[in-house]
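The values are calculated or read from the model by the stated rules, or taken from the named source; none is laboratory data. The structure displayed is predicted, hence computed values, not measured ones. In this analysis, Cβ positions are derived from the backbone assuming ideal geometry, glycine residues included, and neighbour counts consider all displayed protein chains. What goes into the accessible areas is simple: the full protein's heavy atoms, side chains included, and nothing from ligands, DNA or RNA. Shrake-Rupley method; radii C 1.70, N 1.55, O 1.52, S 1.80 Å.
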Amino acid sequence: MLDISSRVRVHVETLPATQNDMGVCDAFEQYVPVGKPDTMNAPHPPKVAGIDSTVPSPAHTVASVTAGTSPAPPANPQNAPGALLQDRLAGWVSDLTTLHELTERLARASTLDEALQELLRAGAALVGARRGLVALEPADGLGPATTIGLGLARADLGHMETVPRGSLPYGRILDGLPGADDGIAEPDLFAEKGLDPRHREVAARLGYAASFALPLATGAAGRLGAAVWLYDEPAEPSERQRHLVGLYVRHAAEHLARLLELERTRACMATMAEELLPSRLPRVTGVQLAARHRTSPLGGGDWYDALPLPDAALGLAVGSVTGAGPSAVAAMGRLRASLRAYAVMEGEDPVAVLSDLELLLRLTEPARSATALFGYCEPALRRITLAGAGHSPPLLLGEHRTEFVETSVSAPLGMLACWEAPSVEVQAEPGETVLLYTDGLLHRTGDPTDRAFARLHAAAAGVPKALRHDPGAVADHVLRAVLPEGADTAGSREDVVLLAARFE
């Protein structure tokens with residue numbers, strides 16, 4: 001605790017009253033009584049919560065002392081030091097509260113883009129600017145690289161990209177030039193000699209006259225990027241503002257480093273999942289195909305396949321492996337590859353294909369289960385023979401009907417000692433579309449199962465007639481209608497697969 005003599009004792013009850021009048025590190029040097037130093041006015045005052053208390057006061061605080069020839073003596077000199085100390089501590093409380101609120105808001109940002117936007121807004125408030133931008137460009141070169149603006153349209157960012165990189169303050173930071181660790185201030189661009197003509201032209205076009213830039217870096221990850229805030233008039237942040245925004249940016253850089261690593265992991269998982277799925281769908285006479293796949297951030301095990309078979313037939317399959325992450329993605333790839341082999345050998349009998357797949361899964365991965373739906377499609381006859389293992393029934397969409405295909409209730413693969421279920425035949429009419437999908441489409445709705453099925457049925461029945469000739473347009477319409485706003489984004493925890501086959 002602070003050792004404060006009784007003549008300068010702080011009345012804590014009065015702190016809220018003065019909290020809004022002062023800022024952090026206000027008036028410590030200017031307001032301390034002249035004379036014998038004590039604990040509170042020693043040459044090196046202690047730090048409070050990581051804030052260096054030796055930073056000079058802001059202008060609005062100093063003005064109250066330096067205005068005029070000399071300050072008026074206090075009414076009661078005996079109580080002056082105590083009042084000054086109250087102001088001092090009230091400033092600490094005020095700005096510590098501000099930093100706490102800003103860092104809490106930053107912590108609630110769950111994506112990299114949200115965190116960058118919050119960094120710009122908080123930094124602008126701390127340095128007194130209105131606009132700014134942050135350029136994310138990790139030094140390791142692994143990306144992602146992006147530029148986000150605050151109060152700047154996309155065209156404005158495009159104009160700034162035409163300025164030579166070395167003449168921009170954040171460009172010098174990104175290039176690792178010396179002298180940029182503590183930030184780069186340009187108090188008056190138009191008065192600066194040697195300013196690049198293109199930089200002067202863009203600044204005049206966008207209407208900013210000064211800037212202040214800071215690097216975004218951590219000890220472990222190195223340089224992540226740079227942030228710059230723009231002033232409409234010639235200006236420069238005070239030492240106190242630099243101190244506060246420096247504290248905030250150092251904390252923000254650590255948070256951004258964590259989100260950056262998470263973003264890279266998500267992108268890697270999505271790439272792995274996409275590479276294990278068909279790069280393109282086959283072209284078979286008599287049927288049109290379209291597929292839509294939404295990968296969860298954790299990397300789920302939903303998959304689909306369409307492969308040509310002998311006698312002008314076509315194999316259609318969708319499925320899902322339990323679990324998430326790299327192991328589930330790898331298991332999905334092995335399962336899909338095995339199903340392709342079994343489909344080529346005995347695809348005309350879907351029950352045999354799933355029986356072989358179940359035996360393989362039980363022998364090689366006994367701790368994992370999976371659902372699957374395989375159909376032997378004969379486009380010339382507009383017929384599909386289906387077998388399912390714990391999978392949702394397909395949906396048949398046509399001009400005169402929209403109905404679920406009745407399939408037998410069966411257990412997922414790997415759940416029973418021996419899987420067995422009868423197959424069913426679907427006879428389609430010209431122009432009708434069969435939709436195969438995974439359970440993730442139903443789970444992402446957030447509704448109970450019966451309501452999710454009802455929503456899917458209503459979405460398929462509501463496809464406009466102008467779109468029904470295109471299976472891709474049908475799939476897109478169903479996804480938009482079934483999934484609530486935001487459920488079709490990468491932040492959802494369920495994979496979604498939708499495979500549409502339209503018969504001509």
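Points worth noting:
- Residue in the range 278-298 that is modelled with the highest pLDDT, counting only those that are touching a Lys or Arg at 6+ places or on another chain (Cβ under 8 Å) and under 17 Å from Gly333 (Cβ atoms): Ser296
- The listed residues are Ala220, Ala145, Ala155, Ala191, and the only one of them that is open to solvent by 60 Å² or more (accessible area, probe 1.4 Å), closer than 17 Å to Leu119 by Cα and at pLDDT below 95 turns out to be Ala145.
- Residues within the range 390-406 that are in a loop (DSSP other than H, G, I, E, B), of a type outside the set (A, V, I, L, M, F, W, C) and open to solvent by less than 50 Å² (accessible area, probe 1.4 Å), tallied: 6
- Residue check, Glu420 among the acidic types (Asp, Glu), out of contact with any helix residue (DSSP H, G or I) (no Cβ under 9 Å at 6 or more places or on another chain) and not in a strand (DSSP E or B): no
- Looking across Gly333, Gly323, one residue alone is part of a loop (DSSP other than H, G, I, E, B), among the small types (Gly, Ala, Ser), out of contact with any strand residue (DSSP E or B) (no Cβ under 6 Å at 6 or more places or on another chain) and in contact (Cβ under 8 Å) with a residue 40 or more places away in the chain. It is Gly323.
- Yes/no for Ala80 being open to solvent by 20 Å² or more (accessible area, probe 1.4 Å), in a helix (DSSP H, G or I) and modelled with pLDDT of 90 or more: no
- Considering residues of the range 345-362 that are touching a strand residue (DSSP E or B) at 6+ places or on another chain (Cβ under 7 Å) and without any contact (Cβ under 8 Å) to a residue 60 or more places away in the chain only, the residue surrounded by the fewest Cβ atoms within 10 Å (Cβ to Cβ): Glu348
- Near pairs, Cβ below 8 angstrom, 6+ apart or cross-chain, from the range 204-222 (more than 14 Å from Ala235 (Cα to Cα)) to any residue that is hydroxyl-bearing (Ser, Thr, Tyr) and modelled with pLDDT of 95 or more: none
- Complete set of residues in the range 104-115 that are buried (at least 16 other Cβ atoms within 10 Å of the Cβ) and either part of a helix (DSSP H, G or I) or free of Cβ contacts under 8 Å to residues at least 60 places away in the same chain (or both): Leu106, Leu112, Ala115
- Here is the figure for the range 236-291: residues that are open to solvent by less than 30 Å² (accessible area, probe 1.4 Å) and either of a type in the set (D, E, K, R) or part of a helix (DSSP H, G or I) (or both) total 14.
- Number of positions in the range 254-273 that are touching a helix residue (DSSP H, G or I) at 6+ places or on another chain (Cβ under 6 Å) and over 14 Å from Gly225 (Cα atoms): 3
- Options Glu201, Glu186, Glu233: the member that is among the acidic types (Asp, Glu), without any contact (Cβ under 8 Å) to a residue 40 or more places away in the chain and open to solvent by less than 20 Å² (accessible area, probe 1.4 Å): Glu186
- Ser279 within 18 Å of Asp439 (Cα to Cα) and either hydroxyl-bearing (Ser, Thr, Tyr) or without any contact (Cβ under 8 Å) to a residue 24 or more places away in the chain (or both): no
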